[in-house]
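Before any comments, here is the structure.
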Amino acid sequence: MTSYNKLVRDRIPEIMDAKGVPYEKRIASPEEYKTELIKKLAEEVGEFNEAGDPEELADVIEVVEALKRLPEYADVEVLRLQKLADRGGFDGRIILKGEK
């Protein structure tokens, strides 16, 4: 039997109930929620890195969107747009080679 203790999507308990899978549930504190979202981001990026499929990318984006709703990241979209204006995006597909 696999053991787990991690942040899951809101409807996962409902899905597990329908399948008759036993589990324990609790609500994270704000501090724990932030920590768990960051861990979840690393998990989802790893899965995307391995599989490279759109479903895994969608999971990464969902975690990023949840992080953006936290007060400490409220200005991240402004920062993203600032960096886009100052340094550009990645549409040019530019690869640099050099030495540091």
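Here, each number is a calculation from the coordinates, and none is a lab measurement. Just so it is clear, the structure is predicted and the values come from calculations on it, not from any experiment. Here the Cβ is made from the backbone with ideal geometry for all residues, glycine too, and neighbour counts use every protein chain on show.
Here is how the numbers come out for the structure above:
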read-out	value
Sequence of Lys39, Lys100 once ranked by neighbouring C-beta atoms within 10 Å, starting from the fewest	Lys100, Lys39
Cβ-based exposure ranking for Arg69, Arg80, in which fewest neighbours within 10 Å come first	Arg69, Arg80
Exposure proxy ranking, count of Cβ atoms within 10 Å, fewest first, for Asp59, Asp17	Asp17, Asp59
Lys19 versus Asn49: modelled label distance in nm, points set 7 Å from Cα along the beta carbon direction	2.6
Whole-number D in µm²/s for the chain (Stokes-Einstein; Kirkwood sum over Cα pairs; 20 °C, 1.002 mPa s)	129
Residue-averaged [θ]222 nm for the chain, counting only DSSP H segments that reach four residues, each worth -39500 (n - 2.57)	-18500 deg cm²/dmol
Theoretical FRET efficiency, 1/(1+(r/R0)^6), r = Cβ-Cβ of Lys68 and Glu31, R0 22 Å, to 0.05	0.80
